[in-house]
1. Quick check on this structure: which one of 60, 109, 95, 70 is over 15 Å from the mean Cα position of the chain (by Cα) and under 30 Å from residue 24 (Cβ atoms)?
2. How many of the residues in the stretch 1-13 are out of contact with any helix residue (DSSP H, G or I) (no Cβ under 6 Å at 6 or more places or on another chain) and surrounded by 15 or more Cβ atoms within 10 Å (Cβ to Cβ)?
3. Within the stretch 21-48, can you find the residues that are surrounded by fewer than 11 Cβ atoms within 10 Å (Cβ to Cβ) and touching a helix residue (DSSP H, G or I) at 6+ places or on another chain (Cβ under 8 Å)?
């Protein structure tokens, strides 16, 4: 099993930048749009990030407005993110029981530099 797991969208510039920072490391790349997480997996990653669904959802995404998620509950946002993975902010780097949202991608160093 890889030391790191990267939830990656190669069409996203920030995700590509984060991917480059991981060069030479043992990384499993998960294209989460093509291979979406279950709601349980997403909740597990949220716990590792220490975030609520409303903090990880892409609020500028057109779909966010179309689904009327502005005043939605955390549970409704989580469900929407599971059904529509493009609503998940990216990239996310996971290492064991910790995770970091790569916004900016340099935040990955928090996990990489960990001793």
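All of the numbers you see were taken from the coordinates with simple rules; none came from a lab. If you're wondering where the values come from, they're calculated on a predicted model, not measured in any experiment. Cβ placement follows ideal geometry from the backbone for every residue including glycine, while neighbour counts extend to all protein chains displayed.
1. 109
2. 5
3. 38
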